[in-house]
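The values are calculated or read from the model by the stated rules, or taken from the named source; none is laboratory data. What you are looking at is a predicted structure, and each value in this text was computed from that prediction instead of being measured. Cβ coordinates were reconstructed from backbone atoms using ideal geometry, including for glycine residues, and neighbour counts include every protein chain displayed.
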Amino acid sequence: MLDESEFARWVKSVLRALESARVDHAHGFYSWACFKAHQAVEKALRALLWGLGSPRIGHSLPALL
C-alpha cells in the first residue's frame with residue numbers, strides 16, 4: 001500500500017529540484033542544472049520507495065533501483 005502523504009512530500013521536493021535545474025539551465029549554469037536533475041531523479045526514486053514502505057538511502061541511481 002502506498003503512503004500517499006510521504007509520497008506527496010517527496011514529490012514536492014522533486015518538483016522544486018526540477019524547477020531549480022530549469023532555472024540554472026536557462027541561465028547557462030549547465031553543471032548545476034545536471035547536478036540538480038540528478039538530485040531530482042534520486043528524490044523521485046526515493047518518493048516511490050518511501051511511499052511503498054521500503055526507504056533507501058544513497059546517491060547511486062542503480063543502487064536505488
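Computed quantities for the displayed model
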item	result
2 or more residues of a type outside the set (Lys, Arg), out of contact with any His (no Cβ under 8 Å at 6 or more places or on another chain) and modelled with pLDDT of 85 or more: qualifying helices (runs of 4 or more DSSP H) within the chain	4-26, 30-51
The stretch 27-65: number of residues that are without any contact (Cβ under 8 Å) to a residue 24 or more places away in the chain and either closer than 14 Å to GLU6 by Cβ or touching a Phe, Trp or Tyr at 6+ places or on another chain (Cβ under 7 Å) (or both)	5
Hits in the stretch 4-46 (condition: closer than 24 Å to PRO62 by Cβ and charged (D, E, K, R))	GLU6, LYS36, GLU42, LYS43, ARG46
